[in-house]
Every structure is written in structure tokens, then in C-alpha cells.
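Peer 1: The structure that follows is given in the form of C-alpha cells.
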Amino acid sequence: MAAMSFELLKTSSDTAARRGRIHTPHATIETPVFMPVGTQATVKTLSPEELMEIGAHIILSNTYHLHLRPGEDIVQGAGGLHGFMHWPRAVLTDSGGFQVFSLSNLRKISEEGVEFRSHISGEKRFLSPERSIEIQHALGADIIMAFDECPPHPADREYIYNSLLRTTRWAKRSKEAHHRTSQQALFGIVQGGMELDLRRFAAESLVELDFPGYAIGGLSVGEPKPLMNEVLAHTTQYLPADKPRYLMGVGAPDDLFEGVMRGVDMFDCVLPTRIARNGTVFTSTGKLVVRNAGNAKDYAPLDEHCDCYVCKNYSRAYIRHLVKAEETFGIRLTSYHNVYFLVKLMEKIRVSIENGTFLALRKQFYDAYGYNEN
Ligand SMILES: CNc1nc2cc3nc[nH]c(=O)c3cc2[nH]1
Ligand SMILES: [Zn+2]
């Protein structure tokens, strides 16, 4: 069976939104799709069965974290991530470059790769395109990423230009190291900072190397959302329409609408489980801080428009009590609801693209949520 194939099912006349389908060995994924993040081989507090009940078909894990702990050899011994996590559907792994820069200190970058200290043990470690691909092969994800550098933001144009040239050379080395396995699909990652001409150059350089899918990196790194959206709209124009586009590390509900509108097919973000851990949940009328005193006697569900397991069986009062009492079940419930909220929102977005009602759904959602449209 081929590693991965993408069907472009429908394009829109009023926006760059598209409906697609990604076939992988472990799952068929309807796009646009939101991918829950399971950095250390678990989507925090949720079981694989709950993730399948929620409707997730692909989740993320991180090469950097799993290389450092427990080590890819231990994961490989269990049959890769699917066996290790007891997750039968699709997995995508990031290549580790971004995590080195966002988590570890003492790092030295060279043409060869990146030397850094483990944020866990402090010991010196090294990642290169070849090592990253080797680790991702051992982890066994269905979709893997080329080893890249995500330049800091802000960064001067000179640095961004030289960094993208190296990232392109690293993409070529990643592809050469990857040729062995056919079951895993390798995506290139487009860099170029916030420089529109460099974004085009980076995209065209990667397309020349011909990947089965393209990630858009270097965004969601602290830049203002309008700038992210401007860079995104510019970049997707230079990516092939018949290949998936994956916006890394994004995002909140509005980011999903804005990214879909600009031609993005795949998203991942830690937000749903991260805000859940401090007792905050998404609702159709905006974010709700469940632990606030106002919810002490509120026996309504988290979101009256949500039909998830949590909203069908538990009240705000109960979940507030659990969160205040630091009962683990509390953040399991907020996590379940938040992941469900984004997975379901993407389902509604897919239907709206099919029906040609995407912009109407966006307006209705923004009005209810309290976003302004521009
Ligand atoms: C949360 N924001 C965010 N998560 C990212 C992950 C990434 N991985 C590889 N390369 C990237 O440029 C990159 C950018 C990212 N931004
Ligand atoms: Zn719910």
C-alpha cells in the first residue's frame, strides 16, 4: 500500500477553503482536520478509546521528547507508537528541531545538525536530519517531518534567509535518509519567517524536492495573528493544490477558521488540553473559566450546545468542585470536552465547505463566540 495519498474533494469559489481526504496505513482522515497533541505518547489524561469516541483519526507525538525519554528503541520494541500507545489510527511526529529551540538550552547549530543539552537530564545530545529520520522511523508514525530550523521571531532577514537555505539542504538530506521505508510519508516544512518573498522561495525550493505533503512552519511563534494570517495566505499560493498543507502549532478556534479560509488542511495545537489543566474550557459563547465562583451552583453543562459525553452527564458545579479539589477527574472532563470541541468544530467546518456555507458558519461562530471578523 502506498504510504499516503491525498484526494482533493472540493475547492471553494469564495475562499481558499478545501475539502480533502488523506489515506494513511492506519486511518483515512477527512480534511480540514484538527490533530490532538500527544507530545509524550499520550494526549494528556485521555485514553485512546476516548479519543476514538471523540472522533480523532490522527494524533501528534514529538520526536524530541520521545528520543530523550523513554528512547525510540523502547517505543520500537513495543511495535512503534501504535503498539506502545495502543492507538490503532494515524500518528504524525514532528522532527525535533522546533522542540530543541523551544525547550533545551546550550544548543549549537551547524551544517551537520544541532547539538543541545537534554532539558530532562542536562546531558549533551545531537540531532541531524539523518538522526531525526532514523528516530521517526523507529517511532513508526504514518506522517513524519523533515528536520528543520524554526528561526526565532523576530529575526533579521539575513538570518532568516540563511536559515531557510540550510533548512532546504536539511530537507534534501531528510528525504535521502527516508527513502528506505514506504509506509511513512515525509513532509517538507516551509520556513521564511515573516518575509513574503522568502516564503515563496522556501515553498518553491521544497516543491522542487517533491514531498507528498507540506507543513508551514515558523508561525505561531508569538507574531500577531493578522501577520500570521498574511504570511499564511501568501505561502499556500505556492504549494501544490493536490498535496496536504499542514499549519504547525495552530490553533485556537478562530485560527482554525482563518487557516482553513487560506487553504490549510491540517492543524495541531496543545491549547485544548493545556487550558483544560487550568480549568478553562471552550464553549460556543467563548472561553469559560470553570473554577470561577459563579459556577458553584450552576447545574448547566459546560456548553448547552455541546453533545459530548461530559456535557451530557456533568454540570459546571460538579466540574468546578473537582477542579478546585484538584481531583484528577476534573481535568479529564475539561480535556475531553475541549478536544471534542475542536474536533467537532472542524467537522462542522468540513460540512460547511461541502455546502458552500463556510463564511456563514464563520460569521455565526464569531458572533456567538465574541470574535470580531476582521
Ligand atoms: C505552537 N507553535 C508552533 N509549533 C510549531 C512546531 C514546529 N515544528 C517544526 N517546525 C516549525 O517551524 C514549527 C513551528 C511551530 N509553531
Ligand atoms: Zn462538551
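Peer 1: Quick one: Arg316 ticks every box in (1) among the charged types (D, E, K, R); (2) free of Cβ contacts under 8 Å to residues at least 12 places away in the same chain; (3) in contact with a helix residue (DSSP H, G or I) (Cβ under 6 Å, 6 or more places away or on another chain) except a single one, so which number is it?
Peer 2: Just one mismatch for Arg316, condition (2).
Peer 1: Filter segment 83-122 down to residues that are of a type in the set (Phe, Trp, Tyr) and open to solvent by 10 Å² or more (accessible area, probe 1.4 Å) and give me whichever is farthest from the chain's Cα centre (by Cα).
Peer 2: Here is the first cut: in segment 83-122, the ones of a type in the set (Phe, Trp, Tyr) are 84, 87, 98, 101, 116.
Filter once more, so that each one left must be open to solvent by 10 Å² or more (accessible area, probe 1.4 Å): 84, 98, 101.
Numbers: Phe84: 21, Phe98: 13, Phe101: 17 Å.
Here the residue is Phe84.
Peer 1: Quick one: in segment 35-61, which of the residues that are of a type outside the set (Val, Ile, Thr) and open to solvent by less than 10 Å² (accessible area, probe 1.4 Å) is farthest from the chain's Cα centre (by Cα)? Full working, then the answer.
Peer 2: Applying the first criterion (of a type outside the set (Val, Ile, Thr)) to segment 35-61 yields 35-36, 38, 40-41, 44, 46-53, 55-57, 60-61.
Imposing the further condition that a residue be open to solvent by less than 10 Å² (accessible area, probe 1.4 Å) reduces the set to 35-36, 38, 51, 56, 60-61.
Numbers: Met35: 5, Pro36: 7, Gly38: 10, Leu51: 15, Ala56: 13, Leu60: 7, Ser61: 10 Å.
My answer is Leu51.
Peer 1: Something else about it: Which residues, counting only those in segment 206-215, are in contact (Cβ under 8 Å) with a residue 40 or more places away in the chain and either touching a Ser or Thr at 6+ places or on another chain (Cβ under 6 Å) or assigned to a strand (DSSP E or B) (or both)?
Peer 2: Listed by number, the list holds a single entry, Ala215.
Peer 1: Okay, next question. Look at segment 236-279 and say how many of its residues are more than 18 Å from the chain's Cα centre (by Cα) and surrounded by 20 or more Cβ atoms within 10 Å (Cβ to Cβ).
Peer 2: Filtering segment 236-279 down to residues more than 18 Å from the chain's Cα centre (by Cα) leaves 237-242, 277-279.
Add one more test, that the residue is surrounded by 20 or more Cβ atoms within 10 Å (Cβ to Cβ), and what stays is 239, 279.
Counting residues in segment 236-279 that are more than 18 Å from the chain's Cα centre (by Cα) and surrounded by 20 or more Cβ atoms within 10 Å (Cβ to Cβ) gives 2.
Peer 1: Sticking with this structure for a sec: Considering only segment 189-233, how many residues are open to solvent by 10 Å² or more (accessible area, probe 1.4 Å) and under 18 Å from Met4 (Cβ atoms)?
Peer 2: Counting residues in segment 189-233 that are open to solvent by 10 Å² or more (accessible area, probe 1.4 Å) and under 18 Å from Met4 (Cβ atoms) gives 4.
Peer 1: Among (1) closer than 19 Å to Val221 by Cβ; (2) modelled with pLDDT of 95 or more, there is one condition Gly97 misses while meeting the rest; what is its number?
Peer 2: Only one criterion is unmet by Gly97, namely (2).
Peer 1: Here is a follow-up. Those residues that are polar (S, T, N, Q) and without any contact (Cβ under 8 Å) to a residue 60 or more places away in the chain, I need them from segment 6-63; list them, please. Let's see the steps before the verdict.
Peer 2: Of the residues in segment 6-63, the ones polar (S, T, N, Q) are 11-13, 15, 24, 28, 31, 39-40, 42, 45, 47, 61-63.
Those that are polar (S, T, N, Q) and without any contact (Cβ under 8 Å) to a residue 60 or more places away in the chain: Thr28, Gln40, Thr42, Ser47, Asn62.
Peer 1: Output the number of residues of segment 123-139 satisfying the condition of being of a type in the set (Gly, Ala, Ser) and crowded, with 24+ Cβ neighbours inside 10 Å.
Peer 2: 1
Peer 1: Looking only at segment 1-34, how many residues end up being in a strand (DSSP E or B), closer than 19 Å to Asp255 by Cα and either open to solvent by 20 Å² or more (accessible area, probe 1.4 Å) or basic (Lys, Arg) (or both)?
Peer 2: 3
Yes or no, residue by residue, for (1) under 15 Å from Met261 (Cα atoms); (2) open to solvent by 60 Å² or more (accessible area, probe 1.4 Å); (3) without any contact (Cβ under 8 Å) to a residue 40 or more places away in the chain; (4) in a helix (DSSP H, G or I):
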| site | (1), (2), (3), (4) |
| --- | --- |
| Cys311 | no, no, yes, yes |
| Leu322 | no, no, yes, yes |
| Tyr336 | no, no, no, yes |
| Met346 | yes, no, no, yes |
| Lys363 | yes, yes, yes, yes |
| Ala368 | no, no, no, yes |
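Peer 1: Then there's this: Does Glu304 satisfy the criteria of being away from ligand 1 (no atom under 16 Å from the Cβ), in contact with a Cys (Cβ under 9 Å, 6 or more places away or on another chain), acidic (Asp, Glu) and open to solvent by 50 Å² or more (accessible area, probe 1.4 Å)?
Peer 2: So Glu304 passes the test.
Peer 1: For a quick check of your reading of the model, give me the residue pairs whose first member lies in segment 218-242 and is free of Cβ contacts under 8 Å to residues at least 40 places away in the same chain and assigned to a helix (DSSP H, G or I), whose second is β-branched (Val, Ile, Thr) and within 13 Å of ligand 1 (Cβ to nearest atom), with beta-carbon atoms closer than 6 Å and at least 6 apart or on different chains.
Peer 2: Listed pairs, sorted by first residue: none to list.
The values are calculated or read from the model by the stated rules, or taken from the named source; none is laboratory data. Everything quoted here is computed from the prediction, not taken from an experiment. FYI the Cβ positions are ideal-geometry reconstructions off the backbone, even for glycines, and counts take in every protein chain you see. Remember, those area values only see protein heavy atoms, side chains included, never the ligands or the DNA or RNA. Shrake-Rupley method; radii C 1.70, N 1.55, O 1.52, S 1.80 Å.
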